[in-house]
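J.: Let me begin by handing over the structure; questions about it come next.
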Amino acid sequence: MKIRRTEERDLPQLQKIFTQGIARQRSEGNFSQWREDYPTIEVVKADIKAGTGWVCVADDDQTVLGTWALGGHEPVYNHLKSGQWNYDLPYQVIHRMGTVPGQGAGKFIIAHLQATCDYPRVDTFEKNSAMIKLLQKTGFKHCGVAYYEGFGDMQTFDYKRQHQTK
């Protein structure tokens with residue numbers, strides 16, 4: 001597997017990942033986070049234009065196994081509904097992460113982010129058990145709850161990369 005920026009050629013596969021993700025979320029009772037109107041290919045096109053869209057692909061560089069966007073400041077994060085962030089540092093936000101189940105792409109993406117981002121933050125709906133388990137397994141710490149208008153309460157997590165000293 002490898003990581004690269006999202007390209008227009010990836011859009012049909014991303015639509016399939018979103019459709020599968022919506023079905024999986026609904027089967028877990030999560031009707032708020034991913035819906036028919038979000039995420040959309042139009043949002044991904046904006047990510048491509050902004051340079052914030054990423055994919056995890058198989059070694060063939062064609063088969064998309066996962067997707068996410070990496071953003072900057074998130075206004076909702078200024079005031080958590082409950083709890084607090086573990087660090088008051090510049091951060092990057094993981095948005096709209098979705099993967100093809102059973103391929104290991106989620107762990108691969110998180111490992112990549114932990115190696116390349118000093119301080120990533122992420123939020124997810126409390127019924128998104130797969131994402132919460134992935135974050136906990138990979139060392140992310142629960143911080144509290146953020147509230148998004150139109151989406152509701154989201155569980156927040158952060159991770160601070162430990163720099164190696166020589």
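J.: Looking at (1) of a type in the set (Gly, Ala, Ser); (2) in contact (Cβ under 8 Å) with a residue 40 or more places away in the chain; (3) closer than 29 Å to residue 10 by Cβ, which is the only condition residue 72 fails?
T.: (2)
J.: Something else now. Return the residue satisfying two criteria in turn: it lies in region 82-127 and is of a type in the set (D, E, K, R), within 12 Å of the chain's Cα centre (by Cα) and closer than 21 Å to residue 150 by Cα, and of such residues it is surrounded by the fewest Cβ atoms within 10 Å (Cβ to Cβ).
T.: 96
Matching residues to (1) in contact (Cβ under 8 Å) with a residue 24 or more places away in the chain; (2) among the small types (Gly, Ala, Ser); (3) surrounded by fewer than 16 Cβ atoms within 10 Å (Cβ to Cβ):
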{"site": "129", "(1), (2), (3)": "yes, yes, yes"}
{"site": "155", "(1), (2), (3)": "yes, no, no"}
{"site": "158", "(1), (2), (3)": "yes, no, no"}
{"site": "161", "(1), (2), (3)": "yes, no, yes"}
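J.: Only one residue in 16, 49, 2 is basic (Lys, Arg) and at pLDDT below 95, so which one is that?
T.: 16
J.: Does any residue of region 100-108 turn out to be basic (Lys, Arg) and modelled with pLDDT of 95 or more?
T.: Checking region 100-108: at least one residue is basic (Lys, Arg) and modelled with pLDDT of 95 or more.
J.: Condition test on residue 138, is it on the phi < 0 side of the Ramachandran plot, surrounded by 17 or more Cβ atoms within 10 Å (Cβ to Cβ) and not hydrophobic (A, V, I, L, M, F, W, C)?
T.: no
The values are calculated or read from the model by the stated rules, or taken from the named source; none is laboratory data. Predicted model, so just to flag it, every value in this text is computed and none were measured. Every residue, glycine as well, gets a Cβ built from its backbone with ideal geometry; the counts of neighbours run over all protein chains shown.
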